[in-house]
Amino acid sequence: MTRFPLYIAGKYQSAANDAWFETDDPFVGGPWAEVARGCAADVDAAVKAAHTAFTSGPWPMKTAVERGELLRHLAQAVDDNAETLARAELRDNGKTITEMRGQMRSLAAVLRFYAGATDKFLGEVLPADENDFLTYTRYEPLGVIAAIVPWNSPLRLFAMKFAPAVGAGNTVVCKPSEYTSTSIYEFVRLVEKVGFPPGVLNVITGMGAEVGPALIEHPLVRKVSFTGGVESGTSAYVSAAKGLKPVVLELGGKSPNIVFPDADLDAAANGVAAGVFGSTGQTCVAGSRLLVHASIREAFLEKIVASARSRKIGNPLDEKTEIGPIANRPQFERILKFIEAGKKEGATLYYGGNELRDPAFGRGLFIEPTIFTDVTSAMRIAQEEAFGPVLSVISFESDEEAVQIANDVRFGLAAGVWTKDLKRALTMVKKIQAGTVWVNTYRKNAPQVPVGGYKQSGLGRESGLHAIRDYMQAKSVWINLT
Ligand code: NAD
């Protein structure tokens, strides 16, 4: 089996205790590679390597323009190697080749956006109420950044941390998910090729509970950027608090798609179905709650079911496939339990709900698109993230009730509103507690636009211009000119 070691200071190496773990291909349903199981000693070596690269050698001498140039070359390298990166990614997470190709294009766009941003952050000369003093600010990088990523879109989510972090002049230690540890090596290859100095990017693979706290709590780590679930995100926050370290937390969601009777119902049905069944529901912004006006409930459900039924399920490498396998066995079992909970709570299983066993799927981890109706906000399936292709349908009678249900969860990551009435749309935008609200569309993103969560969906924002400033700190300088 292929082995993926750690990557520290530009060198590949085994873990200090020479431990390895297997990584599975979710379509084949079995292991295909072994990955180094890093431990605290490896974390220490990686953070020290990142710190050395931050403080000495070529990296701190690079100008903002030169850092931007490196990111621009990296974006081009990603474009040139998009197919290899896309295939590496889906081997571990089972997402479709079509989606992964799209993600590689948007990954390159993220790198290009921050390539253009590196030299746009200026200090200010400040008009303090003093004669004969020059008073100004400098914006300086923070140091070593811990970048912790989940399994659903590992490279795209890592790029949202790496690009602003190194664009601002920091160095990075990446901790990929234990379920998708391998695609980062293709990225490392490109980072080396375009000329980032050794130690600017280091990779520590391993188990979250073993590597995560050791990395975050390392005294030389200056900031934590974490994307993942609420439970491990909370634990990461506690670890960071011990060293008073700033954090960005991009966590889960239970996002509503709200459909009003005046909407273009065909467009809304496409948006709702793609919003929860696309990526096999394994996206943080999955529109996993459908809030539909009672007057159109039946007609709209028919459209959603038709869309669910028409989606091709199968081999993620087949360009026609729209629903691939669930990314890993624990997640597969979690979704099946979630479906069972919905049945026990008294919701109506309206469509799907089963594991799919088809000889064509081999031992892959497939679950049918699933729709529950007669859901109430009190039910677990209305409150918890399934992170799978499961839609909970709740009907409402008035705009006020729609807002109340939409906000009645601990999350606040995203929401969709489907209406042709501009006033209604703007009122919903204002009243919904979510970091992103889409109107008559869903799951749009761009590097220029901030993302992040209200409530327990996270802290801080990624993406957008300000994100690069969050990887810097201001130094105020007073010079006595007398
Ligand atoms: P997870 O929380 O289990 O793991 C995320 C990462 O954290 C992994 O690398 C894991 O090894 C690490 N980790 C685990 N315990 C840790 C600890 N105690 N300290 C530090 N690191 C630790 O999440 P997952 O199952 O990989 O991903 C799915 C979750 O990610 C979902 O909840 C999804 O909504 C969320 N997500 C959010 C966004 C967003 O932008 N808001 C994007 C994608 C995914």
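The values are calculated or read from the model by the stated rules, or taken from the named source; none is laboratory data. A quick note: this is a predicted structure, and the numbers were derived from the prediction, not measured. Cβ placement follows ideal geometry from the backbone for every residue including glycine, while neighbour counts extend to all protein chains displayed. To get the accessible areas, we keep the full protein, side chains included, count just its heavy atoms, and leave off ligands, DNA and RNA. Shrake-Rupley method; radii C 1.70, N 1.55, O 1.52, S 1.80 Å.
Could you order Arg3, Arg297 so the one with the most accessible surface comes first? Probe is 1.4 Å.
On the way: Arg3 125, Arg297 40 Å².
The ranking, largest first, comes out as Arg3, Arg297.
Relative to the longest principal axis of the C-alpha atoms of the chain, give the angle of the C-alpha long axis of helix 422-431, reported between 0 and 90° and rounded to the nearest 10°.
Approximately 60 degrees, to the nearest ten.
Can you give the Rg to Rh ratio of the chain, both from alpha-carbon atoms, with Rh computed by the Kirkwood formula?
Values: Rg = 23.3 Å, Rh = 23.3 Å.
Radius of gyration relative to Kirkwood radius: 1.00.
Considering the options Ala406, Tyr237, Met428, tell which one lies farthest towards the positive end of the dipole of the chain, charges being +1 on Lys and Arg and -1 on Asp and Glu at the Cβ, about the Cα centre.
So the residue we want is Tyr237.
In Å², what does the accessible area per residue of the range 154-218 work out to with a 1.4 Å probe? Could the numbers behind the result be given before it?
Numbers: 1300 Å² over 65 residues.
Heavy-atom SASA per residue in the range 154-218 reads 20 Å².
Longer than 25 Å from Cα to Cα, which of Lys62/Lys223; Lys11/Lys245; Lys245/Lys475 are they? Say none if no pair is.
Numbers: Lys62/Lys223 21 Å; Lys11/Lys245 28 Å; Lys245/Lys475 17 Å.
The answer is Lys11/Lys245.
Could you tell me the distance between the Cα centroids of the range 216-293 and the range 308-342, to the nearest Å?
Taking the Cα centre of each part, the range 216-293 and the range 308-342 sit 19 Å apart.
Might you report the magnitude of the Cβ-based charge dipole of the range 223-377 about its Cα centre, with Lys and Arg at +1 and Asp and Glu at -1, to the nearest 20 debye?
Details: 18 positive and 17 negative charges, 133 e Å.
The calculated dipole for the range 223-377 is roughly 640 debye.
On a 1.4 Å probe surface of the protein chains, which of Ser232, Ser288 comes out largest in accessible area, and what is the full order?
Numbers: Ser232 65, Ser288 10 Å².
Largest accessible area first, the list is Ser232, Ser288.
With all protein chains present, calculate the accessible area of Phe366 using a 1.4 Å probe and round the result to the nearest 10 Å².
0 Å²
Computing the accessible area with a 1.4 Å probe over protein heavy atoms, can you report the carbon and sulfur percentage for the range 178-253? Mind showing how you got there, number by number?
Details: 1610 of 2630 Å².
Looking at the range 178-253 in its full context, I get 61 percent from C and S.
Working from Cα positions, state the angle (0 to 90°, nearest 10) between the long axis of helix 265-277 and the longest principal axis of the chain.
With rounding to tens, the tilt is 60 degrees.
What do you reckon, how do Lys420, Lys245 stack up by accessible area (1.4 Å probe), largest on top? Mind showing how you got there, number by number?
On the way: Lys420 150, Lys245 30 Å².
Final ranking, largest accessible area leading: Lys420, Lys245.
What number comes out for accessible area per residue over the range 378-453 if the probe is 1.4 Å? Units Å², please. Numbers along the way, then the final one.
Numbers: 3410 Å² over 76 residues.
In whole numbers, the range 378-453 has 45 Å² accessible per residue.
Quick one: angle between helix 40-55 and the longest Cα principal axis of the chain, in degrees between 0 and 90, rounded to 10, please.
60 degrees
Please report the carbon-and-sulfur percent of the accessible area for the range 394-470; probe 1.4 Å, protein heavy atoms only, DNA, RNA and ligands left out. All intermediate terms of the calculation are to be shown ahead of the outcome.
Values: 1990 of 3750 Å².
Using a 1.4 Å probe with all protein chains present, the range 394-470 comes out at 53 percent carbon and sulfur.
Taking only protein heavy atoms and a 1.4 Å probe, what accessible area per residue, in Å², does the range 221-262 have with all protein chains in place? Intermediate values should be presented prior to the final figure.
On the way: 1420 Å² over 42 residues.
For the range 221-262, the solvent-accessible area averages 34 Å² per residue.
Any idea which of Asn445, Pro31, Ala263 is furthest toward the positive side of the dipole for the chain, if Lys and Arg beta-carbons carry +1 and Asp and Glu beta-carbons -1?
Asn445
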